[in-house]
Structures are given as C-alpha cells and as structure tokens.
Amino acid sequence: MTITLEGPNQWSESGSSFGKPWEDLVASFQKAEPSIKVKTVVLPLNSFAQTISTHLAAGTAQELVFSQVPHKPHMVRALDEYLAEPNPYIRSGPGSEKWADAFRKRYYGLENPALRNAEGKLEFVPFNLAGTGLFYNKEAFDKAGLTGPFKTFEDFIEGCAKLKGAGYTPLAMDRSDLGPDWTMTAISGMLLDKHVDRLNVYTADGKPGKATSATGEPVVTNKSLAKAVLSGELTTETPEAVESLKLLKKVWDSCVDKQWSGNTEGLNGAVVGLRDFAAGKAGMAWGVNFGVTSLQDVKFGFASMPFPQITKESTPLANGAPARFGAGVGGTNYMIPSTVKGKKLEAAVKFLQFVSSPQNVQTWLKATGGIPAVEGASGADETKMFAEGSWGDPVPLVMPIGPPGVTRLSLVDGWLLGTKSLPEQQRYLQDLWIKGQRQAVNDGKWGNEPWAK
C-alpha cells in the first residue's frame, strides 16, 4: 500500500526531493512498516498553498498534506481521538499512554485552545517547531575574543566593535524586510512591555477582557492594538516607541555594513545576509532553523543565540522584560484530508505517530536544523537556542505596522539610512500606523466600536 505526502520544500530549492535526511526518515518508517510505502510530492513554494487548497476543496488531496493552506475544517480529519490514545512507537514515557503527551505542551497539545480550528478540533501534527534568532560564527567570535551568546544589549554593541576590529562585518544584513522587522520586534517587545496590561482590553475572540497567550501570559490582541493606536493610547511619541527607534538605529550604526541596502543577493527568508555570513565575512546573522541547510557547506562552526536583553545600562526606560520572540508550530506540520479512510487512514496516522516519537525523528531534526516538537528529542545543536527560555515565548506587544502593501523595510529604511530625522520618522510612521489600524478595523469588522468611528 502506498500513501502520498505533498507539501513545499522548506530545506532546499530542489523540485523533486526534500533532501537526503527526509528520504532517510521515510526509509526508516518503511523499515518499521514494510507494508506501507510513502511517496513524496514536492510542491513549489510560490504555489503549494493554492494547489493543496484546491485539492482539499475538490476532495482529491493526497493522504498527508501540508497544513498551512486555506481550507475549511470539514475538509480535514480531526485528530483529537488519535491524540488521546497511545503512540505505538513510544514504549515508555510521555506519549506511551496518550500520544498528545509526547509533545512539548508549551507549544502543542490537547489543552491548547489557540491551535484548534473553528470546530474546536486539532487537525495537524507538528514534525518540528519554527524558531528565529541569531546565528553566530564561532571562528569570528574566537578571533574577536568573544564568547556567545551575548547577555545584554550593551554586550552586543561592544561585541560588534570587537568584531569590526577583527575584520568582520558584525551583523549580516540585506534588503529584505526580515532584518529590520525581527530586530525591531525584539527591541520593541522589551521596551513596550510595561504597556501590556494597560492596553490588553480585548480577548482573542474580540470581547472585552484580558487576552493570554498559549503559555498563559498577557498579550495585546490585534483588536486591542487597533484601539490603542486609533484612540491615541499608543503613538510614535510614546517614550518607549521613540527609544525603540533609537536603539534600532544604534544596532545599524554599530553593527551593520553601511552598504547593506544594496545587498539583494541570496534573499531567501532563512538567513538574512546569507551571502556575507556564509562566506565567513560576518560574525552574526538573523535566521530561522530551516537556514541550517543553507549553511551546510560553510567552512566554520556556528551556533545560535537569542537577541540580548535590554537593561537600564542601555536605557532608563528598560523595565527588566526579557528578550522574547516566540517559537511555535509554524514549521513542518501535516494533516490528513477527511476523504482518506480505511487502511490508508490508518497508515497516514501511523506516519504521523512515527515522526512524533523522539527516537525516530531525532536524526532528521539534527540533519535539518530542526527544533523538536516532542519531549525527549534534543534537535539540532545549531538552532537549540531559538526556542529555549523566554526567547521562545511570544512577544506580548510589538510596534504596529502599516497597511497592506507597505513593506516592513519601508517603515524604517529612511531612518536607518539617515534620510529621515527622528521627527520626520515619527510623523511618517504615525500616519502608517493609523492607516494600518483603520484597515484592521475594516478587516475585523470592529467599526461599531466607539474608538473606531
């Protein structure tokens, strides 16, 4: 019997294979289950969502499909009943009595309402987690007399000076949205933290009340953010917003090559400034765990770290909030279409269970830079810091963005390039914040709220 898995290639540009680590994982499953053959269909990154969505709507989807595509709950199989039963590939420990217990509860489980679909069901299983952080070149750090990871923002800025002195560009950068956006997310998430309780006024379903994240921490929802901006409770003159802009500029002035805006080579969404970091010219680079495969041929050792904490040494506005970014199940997740039945359904469930057992998924995780979704698997050494500690927690409140069509880079590039003064940047950004949140009001249908009129 053959079952087919289809989805995008998250590890390379190959149009025919997810790579040898994936082929090895499938081979190990087929060795454990000789009567089941797994065929892989690789879909283009720019069209996989439309393809799978069309197949689901037509009832022609394969036995296992990538989950991050538009669909309705009735099109896919609810997995709650299976997750409540033992995972046959786990003989002892978490998952041996209830499959759901095998997962890291911080990110996935039957008790996590944020992951359920509109019918209140769990419909996908994560093979890994998605995490973001900084890669650093161990050789460059050694030559600069540095030890990673940096603990504070001031350590980071001083480290950039030492990396420059050793002949390196401290932080690789290119002209994508990612570098400025991720840096601002980390910085503003710490500085705006003191406003979370004040601005947290709507629950996740849009009702008056306090919202919490999957980890139980307070979080400002999209509706709460729209109210904050449109009512003037959060503006570009808010001291912590101003300080976030200043510290972002400090990173660029201290750590980023002055020709960064002209670097359009190798834009890939997995490693920011890939050209310079992979060539050994840069000491650090923002990236995601899938970026490990883009770095597999580099001639230096590298490791991961979170963005460092901003303390009162850098600004009196710091309140001790930790650096956070948020890891989660936005990585490699698969689901089973509702049209799959009988022996093929059983086989598809078995494959999901197989990759949810630590001993079976560990080799694949290490080879692909994977962050484990299950307890007992250590994942890849190069990316382990992307989901550890407070860095793996979601950011409760970050700087607002502009309306659709306005890139994250264009929000701040004038400020970073020095073509806008701080007052000009504030006025420019305030206009985009308002336009963006008015669009959010339209999208969320919140126009009847007094603050939205």
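The values are calculated or read from the model by the stated rules, or taken from the named source; none is laboratory data. All figures in this text were calculated on a predicted structure; none of them were measured in a lab. A quick note on method: Cβ atoms are made from the backbone with ideal geometry, for glycine too, and the neighbour counts reach across all protein chains shown. The protein model used for the area step is the full one, side chains on, heavy atoms only, and it has no ligands, DNA or RNA in it. Shrake-Rupley method; radii C 1.70, N 1.55, O 1.52, S 1.80 Å.
Amide H to amide H, with H built 1.01 Å from N, Thr212 comes under 5 Å of Ala204, Val219, counting only residues 5 or more places away or on other chains. Rg over Rh for segment 1-147 works out to 1.03, using Cα positions for both radii and the Kirkwood form for Rh. Assuming R0 = 60 Å, what is the FRET efficiency of Arg427 and Ser35, from their Cβ-Cβ distance, to the nearest 0.05? With R0 = 60 Å, the Cβ-Cβ based efficiency is 0.35. Farthest toward the positive end of the dipole of the chain, out of Gly133, Gln430, Leu178, is the Cα of Gln430, where the dipole comes from beta carbon charges about the Cα centre. Backbone geometry of segment 419-433 corresponds, through the Karplus equation with coefficients 6.51, -1.76 and 1.60 at θ = phi - 60°, to 3J(HN,Hα) couplings of 8, 10, 6, 4, x, 5, 5, 5, 5, 4, 5, 4, 4, 6, 4 Hz, x marking Gly and Pro. Simple rule: put +1 on each Lys or Arg Cβ and -1 on each Asp or Glu Cβ in segment 344-453, find the dipole, and look at Met385, Val398, Gly369; the Cα lying farthest toward the positive end is Val398.
What is the extension gain from His74 to Lys299, computed as 0.36 nm multiplied by their sequence separation minus the C-alpha to C-alpha distance, in nm to one decimal?
Length gained, His74 through Lys299: 76.1 nm.
Taking a point 7 Å out from the Cα of Ala114 in the direction of its Cβ, the residues of segment 180-207 whose backbone N falls within less than 14 Å of it are 203-205. In a simple Cβ point-charge model (Lys, Arg +1; Asp, Glu -1; nothing else charged), segment 191-300 has a dipole of about 40 debye relative to its Cα centre.
At a Förster radius of 25 Å, what calculated FRET efficiency corresponds to the Cβ-Cβ distance of Thr60 and Ser17, to the nearest 0.05? Here the calculated transfer efficiency is 0.60. Taking the 1.4 Å solvent-accessible surface of segment 1-100 as the whole, the part contributed by carbon and sulfur is 51%. In the chain, taking the dipole from charged Cβ atoms about the Cα centre, the farthest positive-side position among Leu110, Thr419, Thr264 is held by Leu110. For segment 64-112, a simple Cβ point-charge model (Lys and Arg +1, Asp and Glu -1, everything else neutral) yields a dipole of about 220 debye relative to the Cα centre. The spread of Cα positions in segment 368-451, taken along each principal axis and listed from longest to shortest, comes to 49, 40, 22 Å. Solvent exposure of segment 103-226, expressed per residue, is 40 Å² of accessible area, with all protein chains present and a 1.4 angstrom probe.
Using R0 = 51 Å, the C-beta based FRET efficiency linking Gln50 and Ala166 works out to 0.60.
Karplus-based coupling profile of segment 301-309, in residue order and whole Hz: x, 9, 9, 10, 7, x, 5, x, 6, with θ = phi - 60° in 6.51 cos²θ - 1.76 cosθ + 1.60 and x standing for Gly or Pro. Computed over all pairs of different Cα atoms, the Kirkwood value for the hydrodynamic radius of the chain is 23.4 Å.
Figure the gain on full extension for Lys98 and Lys435 (residue separation times 0.36 nm, minus the Cα-Cα span) and round it to one decimal in nm.
Computed gain between Lys98 and Lys435 is 116.6 nm.
Remark: for residue pairs Lys37/Lys299; Lys20/Lys105; Lys210/Lys246; Lys39/Lys341, the C-alpha separation exceeds 28 Å in Lys37/Lys299; Lys20/Lys105; Lys210/Lys246. Under a model in which nothing but the beta-carbon of Lys, Arg (+1) and Asp, Glu (-1) is charged, the chain shows a dipole of about 420 debye around its Cα centre.
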